[in-house]
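The values are calculated or read from the model by the stated rules, or taken from the named source; none is laboratory data. Predicted, not measured: the structure shown is a model, and the values here were computed from it. Cβ coordinates were reconstructed from backbone atoms using ideal geometry, including for glycine residues, and neighbour counts include every protein chain displayed. To get the accessible areas, we keep the full protein, side chains included, count just its heavy atoms, and leave off ligands, DNA and RNA. Shrake-Rupley method; radii C 1.70, N 1.55, O 1.52, S 1.80 Å.
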Amino acid sequence: MSIRNLDDLLAEGVSGRRVLVRADLNVPLDKETGAITDDGRIRAVLPTLTALRDAGAAVVVCSHLGRPKGAPDPKYSLAPVATRLGELLGAEVAFATDTVGESARETVGSLTGGQVVLLENLRFNPGETSKDEAERGAFADQLADFAEAYVDDAFGAVHRKHASVYDVPARLPHFAGRLVLREVEVLARLRHEPDRPYVVVLGGSKVSDKLAVIEALLPSVDKLLIGGGMCFTFLRAQGHEVGKSLLEEEMVDTCRELLERGAGKIVLPLDVVAATAFSADAEHEAVPVDRIPADRLGLDIGPRSVAEFADAVGTARMVFWNGPMGVFELAPFAAGTRGVAESITSVKGFTVVGGGDSAAAVRALGLDETAFGHISTGGGASLEYLEGKALPGIVALEK
Ligand SMILES: Nc1ncnc2c1ncn2[C@@H]1O[C@H](COP(=O)(O)OP(=O)(O)OP(=O)(O)O)[C@@H](O)[C@H]1O
Ligand SMILES: O=C(O)[C@H](O)COP(=O)(O)O
């Protein structure tokens, strides 16, 4: 891509200069304790931050966390992320308790070369996500005032036309960070020159979010395996009763069309684990997909499906996997995700995991991260890239 990257910025020299880094530190938090449950996205941005610190830059980091509604909300504070970032960097990370207000101005103002500050959640400001260009621009002006150069390392957010992603790079010399560069390199390979057979495994909960990617991928994949909560809308489209399983009724017709177009390519589960309730201690058993009881819900793919999916994955030279095969967060329904993930680790070829939840599943299940070719930090971003959509964050870097 015709984008200047971090090395270009380092070559210009950054010692004593302030650099604004947009990171995606949108990490999952424990609902009760607020503790960070997976710090993968923080670790992913360390190479860029370390390179800048080592070169003597004063580093101003900004990010969103969750989806607060344009006003401060303590539940979504980045304060715990600043602490974790400091531990991982092995250096103190100052924290500004606002994003562009007094605290931010003071902390950024006193920053010297090699030091790092994390600003409070960008989405506490309505300008960050505003559809109004002037409102976004005004917020972008304030952010841009903090630095002399901008580095985008927030791959997970490049599909958002937000102030910190799209408007700030129009105001500062801009560069792609190490993570963005690597993500785009890997995903471009999948999109433009996949090794064959190319197998895509899709799961997760939201069919409506993933139909466009299925449509876009169908011509280029050899096999498309569909598990997770989204498989039930497809099973319904095949005429099966799905009991109380997740179902997007209004998508059934579209799924039927996709099944016709993807005949010979789309593979659906043969059996599912049907439970009496969405709970770890619910009664459950594996049943064939044509015998899902009316009062049960499918929370995982069954063992025959794992074998079926593993067979298809076993033939692949390239695999892209997005979305867990079941409710892996509850131990009785984690076997499908584990089984399919393990089959992907045995592939003799290039494998990519995309999606916040899938990456978290790899770590939560204790699987060896290094057994995958690449674990993408982007959920929606990686899917939209593979769909071939223009991503605002990348477009802005190209300008
Ligand atoms: N059968 C099922 N019924 C209900 N929920 C399910 C089922 N299978 C998987 N899920 C849930 O789907 C969720 C993940 O779905 P999602 O589509 O968000 O995945 P992702 O694309 O990897 O993540 P992200 O969009 O955050 O990057 C998990 O929390 C999992 O529990
Ligand atoms: O989790 C993600 O996919 C990114 O951090 C983007 O978050 P968003 O979907 O809330 O914009």
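Observations, loosely collected:
- Checking each residue of region 143-156 against the condition of being within 21 Å of the chain's Cα centre (by Cα) and open to solvent by 50 Å² or more (accessible area, probe 1.4 Å) gives no match.
- Close Cβ contacts (under 9 Å, 6 or more residues apart or on different chains) running from residues in region 75-99 that are touching a residue at least 40 places away in the same chain (Cβ under 8 Å) to residues that are surrounded by fewer than 16 Cβ atoms within 10 Å (Cβ to Cβ) and among the basic types (Lys, Arg) comprise TYR76/ARG67; LEU88/ARG43.
- Output for region 81-96, where each listed residue is out of contact with any helix residue (DSSP H, G or I) (no Cβ under 7 Å at 6 or more places or on another chain) and part of a helix (DSSP H, G or I): ALA82, THR83, GLY86, GLU87
- Given (1) part of a loop (DSSP other than H, G, I, E, B); (2) under 20 Å from ALA360 (Cα atoms); (3) more than 12 Å from ligand 1 (Cβ to nearest atom), number of the condition GLY228 does not satisfy: (3)
- The residues in region 350-369 that are touching a Gly at 6+ places or on another chain (Cβ under 8 Å), open to solvent by 20 Å² or more (accessible area, probe 1.4 Å) and either on the phi > 0 side of the Ramachandran plot or more than 11 Å from ligand 2 (Cβ to nearest atom) (or both) can be counted, and the count is 2.
- Here ALA341 fits the description: at pLDDT 95 or above, in a helix (DSSP H, G or I), under 22 Å from the mean Cα position of the chain (by Cα) and aliphatic (A, V, I, L, M).
- Within region 1-26, considering residues that are outside any strand (DSSP E or B) and surrounded by 23 or more Cβ atoms within 10 Å (Cβ to Cβ), the one farthest from the chain's Cα centre (by Cα): VAL14
One line per residue, one yes/no per condition, for (1) away from ligand 1 (no atom under 16 Å from the Cβ); (2) touching a Ser or Thr at 6+ places or on another chain (Cβ under 7 Å); (3) part of a helix (DSSP H, G or I); (4) under 25 Å from GLY356 (Cα atoms):
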site: THR112; (1), (2), (3), (4): yes, no, no, no
site: VAL165; (1), (2), (3), (4): yes, no, yes, yes
site: GLY204; (1), (2), (3), (4): no, no, no, yes
site: ASP209; (1), (2), (3), (4): no, no, yes, yes
site: ILE214; (1), (2), (3), (4): no, no, yes, yes
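- Among the criteria (1) at positive phi; (2) open to solvent by 70 Å² or more (accessible area, probe 1.4 Å); (3) not polar (S, T, N, Q), the one GLY243 does not fulfil is (2).
- Residues (more than 17 Å from ASP152 (Cβ to Cβ), open to solvent by 30 Å² or more (accessible area, probe 1.4 Å) and either among the aliphatic types (A, V, I, L, M) or modelled with pLDDT under 90 (or both)) located in region 370-399: ALA371, ILE375
- The set of residues in region 246-271 being in contact with a Ser or Thr (Cβ under 7 Å, 6 or more places away or on another chain) and of a type in the set (A, V, I, L, M, F, W, C) consists of LEU246, LEU247, MET251, VAL252, CYS255, LEU270.
- Restricting region 185-209 to residues that are in contact with a Gly (Cβ under 9 Å, 6 or more places away or on another chain) and at pLDDT below 90, the residue that is least open to solvent (accessible area, probe 1.4 Å): VAL207
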